[in-house]
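Below you'll find the structure, written out as structure tokens, and then a few comments.
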Amino acid sequence: MAKITPAHHDSLTEAGGAIAKGQLVAFGTETVYGLGGDATNPIAVAKIYAAKGRPAFNPLISHIDSTSHAFDLGEPTLMAQQLADDYWPGPMTLILNKTPKCPVHDLATAGLDSIALRVPSKKEARLFLQAAGCPVAAPSANRSGRISPTRAQHVLEELGDCDDLAMILDMGAAEEGLESTVIDARGDAPVILRPGSITTTMIACSTGVMPTTPGKDIISPGQLASHYAPSKPVVLDALAAQDGDIMIGFGTHGREAVLNLSTTGDLTEAAANLYDMLRSADAQAGKRIAIAPIPEEGLGIAILDRLRRAAADRP
Ligand code: TXA
Ligand code: MG
């Protein structure tokens with residue numbers, strides 16, 4: 001059974017050693033907790049897919065501690081440089097063409113010529129990446145298709161019985177609470193493959209080019225319809241709880257509910273609370289989770305993206 005260990009100098013050194021041995025380490029970031037392994041080691045990467053029960057065609061993000069390390073692995077475009085200057089370290093993942101010397105294994109990129117790269121802003125996360133000394137492949141540390149973890153305790157609940165998981169580094173609650181914005185930065189215009197807290201407007205300001213979203217056919221492999229799902233069914237745009245519902249309110253809608261993403265209607269607070277509240281609603285007695293309307297603007301776009309998948313028909 002993996003243990004939760006506070007992130008401090010000694011435990012970070014120990015975690016770096018575990019990664020070098022091909023074991024897995026769960027660690028915090030500002031978005032969600034990640035399940036990390038050496039991205040250059042196919043055995044470590046295979047352990048990640050096995051622990052999550054993840055379809056092997058779904059490529060992983062490689063995490064590094066600096067922009068210069070990122071651009072050793074992926075060919076920087078002008079657009080990527082602008083975005084990296086403005087939003088790295090931070091909750092943004094860039095898709096770039098792999099460099100010829102990129103040591104990340106094909107299993108981590110699912111055999112694509114491109115690579116997903118992220119420099120997280122949480123200080124302890126970057127100390128962990130320095131201790132690892134290699135690119136760390138890390139999807140969210142949950143079983144495939146389930147709610148992403150925003151606290152060390154959530155990781156323990158999801159993956160605590162995984163033999164390959166050497167340790168869970170406790171880095172506190174994830175401040176942002178939603179996965180990074182994924183941007184394909186290879187072409188003429190940025191393409192948002194997954195919305196997040198780096199918004200369309202922020203990307204347009206940084207690059208001077210209005211981002212697009214992919215057509216149905218060229219969607220990011222991870223954008224499966226049902227995802228982020230609690231075990232109970234989820235209904236959206238609920239104005240009040242029906243019989244047997246556990247209500248999650250937002251602003252004045254569902255004021256009487258115990259769970260409210262943000263009583264003041266603040267989308268940043270709502271994003272940070274989202275996965276934790278979905279988990280606690282799922283653990284309560286009741287048939288269904290009903291969620292109050294969320295405005296589809298700014299960070300609300302990313303929140304609704306996740307909620308629609310949580311509410312989608314299950315495979
Ligand atoms: O905030 C985050 O991004 C978290 C933390 C741990 O960093 N990680 C995360 O990883 O959400 P994951 O594996 O759950 O999501 C990675 C997304 C998937 O939708 C995947 O399909 C996409 O990135 N992706 C990875 N490599 C890609 C590539 N080469 N081309 C297009 N999409 C890619
Ligand atoms: Mg995920």
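The values are calculated or read from the model by the stated rules, or taken from the named source; none is laboratory data. From a predicted model like this one, the values you see are computed outputs, not experimental measurements. All Cβ positions, even for glycine, are placed from backbone atoms using ideal geometry, and neighbour counts span all protein chains on display.
Numbers below:
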quantity: Pair list, Cβ under 6 Å, 6 or more apart: the range 139-152 residue closer than 13 Å to ARG54 by Cβ and not assigned by TED's automatic domain parsing to the domain that holds ARG306, other residue in a loop (DSSP other than H, G, I, E, B) and more than 12 Å from ligand 1 (Cβ to nearest atom); calculated: ARG143/GLY53; SER144/GLY53
quantity: Meets criteria (buried (at least 16 other Cβ atoms within 10 Å of the Cβ), within 12 Å of VAL234 (Cβ to Cβ) and touching a helix residue (DSSP H, G or I) at 6+ places or on another chain (Cβ under 7 Å)) for ILE289; calculated: yes
quantity: Residue, surrounded by the fewest Cβ atoms within 10 Å (Cβ to Cβ), within the range 141-188, restricted to residues that are farther than 20 Å from TYR228 by Cβ, modelled with pLDDT of 95 or more and of a type in the set (Gly, Ala, Ser); calculated: GLY172
quantity: Some residue of the range 3-16 being modelled with pLDDT under 95 and more than 19 Å from ARG194 (Cα to Cα); calculated: yes
quantity: ALA116 vs. criteria surrounded by 23 or more Cβ atoms within 10 Å (Cβ to Cβ), outside any helix (DSSP H, G or I), touching a residue at least 12 places away in the same chain (Cβ under 8 Å) and within 16 Å of ligand 2 (Cβ to nearest atom); calculated: yes
quantity: Some residue of the range 238-255 being under 23 Å from the mean Cα position of the chain (by Cα), farther than 22 Å from GLU30 by Cα and not basic (Lys, Arg); calculated: yes
quantity: Residues of the range 1-57 classified as more than 20 Å from GLU158 (Cα to Cα) and within 15 Å of ligand 2 (Cβ to nearest atom), total; calculated: 1
quantity: Test: residue in the range 181-194 that is under 30 Å from ALA152 (Cα atoms) and assigned to a loop (DSSP other than H, G, I, E, B); calculated: no
quantity: Residue match in the range 126-135 (condition: surrounded by 15 or more Cβ atoms within 10 Å (Cβ to Cβ), in contact with a Ser or Thr (Cβ under 7 Å, 6 or more places away or on another chain), not in a strand (DSSP E or B) and not hydrophobic (A, V, I, L, M, F, W, C)); calculated: yes
quantity: Inter-residue pairs, beta-carbon under 7 Å, first on the phi < 0 side of the Ramachandran plot and in the range 1-19, second of a type in the set (Asp, Glu) and assigned to a helix (DSSP H, G or I), 6+ apart; calculated: ALA7/GLU124
quantity: Contacts under 6 angstrom Cβ, first residue in the range 177-188 being touching a residue at least 60 places away in the same chain (Cβ under 8 Å), partner of a type in the set (Val, Ile, Thr) and within 14 Å of ligand 2 (Cβ to nearest atom), 6 or more apart; calculated: GLY177/THR150; GLU179/THR31; GLU179/VAL32; SER180/THR31; SER180/THR93; VAL182/THR93
